[in-house]
Amino acid sequence: MQKNSAISIESNADLKPINTFGIQGKSKYLIHFTSEEQLPQILRYVSNFKGKVLFTGGGSNILFTGNWDGLIVKIATKGIEVLEEDEDYVYVKAEAGEVWDDLVNYCISGGYGGIENLSLIPGTVGSSPIQNIGAYGVELKDVFYMLEAVSLRTGEIREFYKEECLFDYRYSIFKGVYKGVYLILSVILKLSKKPLLSLSYGAVEQEINRLDLPLNIASVSQAIINIRRSKLPDPLEIGNAGSFFKNPLVSKDVFKAIKQKHGDIPYFITDEEYKLAAGWMIEKCGWKGYREGDAGVHEKQALVLVNYGTASGKQIKDLAEKISDSVYDHFGIRLEPEVNILSSEE
Ligand code: FAD
Ligand code: EPU
């Protein structure tokens, strides 16, 4: 980490550069958390602050629905190191503010397998455990070893091992009872020097063959990057936060009833539950490519809501509610947002 302990507090800061939805607005205060030495000062400031406090990484899973009448601490602490290794495994530690995809590239260059399927996911390392990021058949939990976090209530730093994090599909304890309680400082992953490639999801292997590349972690990463670029909008070009909703998990009975009416619905079976493709359902309801002012539904992936320029967070949220209602009317399933919808007023 860099040694720079002074914190500077910006007033009336612009929200647009700190959220990938590109929502415009202001935060009453903004602090950039760039080095470990700033932690005591930041904790003091946060505990004395009278108002709402939000920690952000890359701002790629949040939707501001208005100005933020509080404090935002943007985490930008840096550092990646190999802690320990043996013949088979390597333990890699990364600070919370590291860009997730930089960690992926570091691991691919080192020949450490396990997170190549999570290539090109925006955001930071510190947020990756919060919703147990996942893509192309792999979730963070598959390689997660431990994290270090500080309690915002007591200032105590503690370790969380995998079992304590209660990881599940787009879920961890940090979205449950510890929501807003812990600030994640660093994450340690256990990666493999003899990687088992995960090629079961979608057309990954097909893409590697099309590229005429040998099968290895680098080619898996390249194939996934290509597939992702072909359907997901780049936030630098069109504001978005990835999938707006989670794919709903339903019981076998509910699944059977839906499947009877909609024989072609894509699904995955996970631990006795059925995960339905929300993007497919939204498309079936006619929303794909829909646009209302600058708020819209991505034309190549209906699960992704987009901001074409000046949509407000409220407009995106209103559109999401209409979509959710229409999916409920058609399929009897209530979609849950994956994106963290934020308001400093509640
Ligand atoms: P932010 O949006 O900054 O924060 C998210 C939440 O975490 C907030 O509640 C925040 O308060 C909290 N938080 C952030 N940092 C910390 C910390 N250090 N300690 C405690 N709390 C913290 N996600 C997937 O799982 N799979 C995908 O394939 C995927 N694809 C995406 C594609 C695109 C184009 C986009 C824009 C997003 C995608 N996402 C995906 C969602 C997003 O990238 C992830 O959720 C990512 O982990 C968010 O990281 P962030 O740093 O931007 O988090
Ligand atoms: N589909 C449609 N129409 C659409 C979108 C999807 O019919 O408009 C169908 C696809 O054809 C496919 C199925 O739905 O049969 C699943 O689509 P896709 O493979 O694109 O994945 P997804 O379920 O829509 C999830 C994650 C993504 C992750 C991909 C790849 C969630 C909420 N989303 O999307 O994560 O990248 O799988 O693993 O689980 C994110 O979380 O932000 C995110 C982008």
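Within region 147-175, residues that are among the hydrophobic types (A, V, I, L, M, F, W, C) and part of a strand (DSSP E or B) have Cβ atoms under 9 Å from residues that are open to solvent by 80 Å² or more (accessible area, probe 1.4 Å) and at pLDDT 95 or above in these pairs: 147/159; 147/161; 149/157; 149/159; 150/156; 150/157, counting only partners at least 6 apart in sequence or on another chain.
Criterion applied to 114, 155 was being farther than 19 Å from residue 243 by Cβ and surrounded by fewer than 22 Cβ atoms within 10 Å (Cβ to Cβ), and the one residue passing it is 155. Could you check region 76-88 and list, in sequence order, the residues that are open to solvent by 20 Å² or more (accessible area, probe 1.4 Å) and in contact with a Phe, Trp or Tyr (Cβ under 9 Å, 6 or more places away or on another chain)? Passing the criteria: 76, 80, 82, 83, 84, 85. Would you mind stating whether residue 10 is on the phi < 0 side of the Ramachandran plot and either touching a Pro at 6+ places or on another chain (Cβ under 8 Å) or within 16 Å of ligand 1 (Cβ to nearest atom) (or both)? Answer is no for this residue. In the condition set (1) within 16 Å of ligand 1 (Cβ to nearest atom); (2) of a type in the set (S, T, N, Q); (3) not in a loop (DSSP other than H, G, I, E, B), residue 219 is compliant with all but (1). Once region 15-55 is narrowed to residues that are of a type in the set (Val, Ile, Thr) and outside any strand (DSSP E or B), the residue that is nearest to residue 238 (Cα to Cα) is 20.
When the test is whether a residue is within 21 Å of residue 174 (Cβ to Cβ), within 16 Å of ligand 2 (Cβ to nearest atom), touching a Ser or Thr at 6+ places or on another chain (Cβ under 8 Å) and open to solvent by less than 20 Å² (accessible area, probe 1.4 Å), residue 132 passes it. Looking at region 193-214, can you tell me whether even one residue there is of a type in the set (Gly, Ala, Ser), exposed (fewer than 14 other Cβ atoms within 10 Å of the Cβ), at pLDDT below 95 and not assigned by TED's automatic domain parsing to the domain that holds residue 158? Taking every residue of region 193-214 in turn, none turns out to be of a type in the set (Gly, Ala, Ser), exposed (fewer than 14 other Cβ atoms within 10 Å of the Cβ), at pLDDT below 95 and not assigned by TED's automatic domain parsing to the domain that holds residue 158. Could you go through region 23-43 and let me know if any residue there is within 16 Å of ligand 2 (Cβ to nearest atom) and not polar (S, T, N, Q). No, there is no match, as no residue in region 23-43 is within 16 Å of ligand 2 (Cβ to nearest atom) and not polar (S, T, N, Q). For region 48-107, residues that are acidic (Asp, Glu), over 13 Å from residue 33 (Cα atoms) and in contact (Cβ under 8 Å) with a residue 60 or more places away in the chain total 4.
The values are calculated or read from the model by the stated rules, or taken from the named source; none is laboratory data. What you see is a predicted model, and the numbers here were worked out from it, not measured in a lab. Cβ atoms come from the backbone with ideal geometry, glycine included; neighbour counts cover every protein chain shown. Accessible surface is based on the protein model in full, side chains and every heavy atom, while ligands, DNA and RNA are left aside. Shrake-Rupley method; radii C 1.70, N 1.55, O 1.52, S 1.80 Å.
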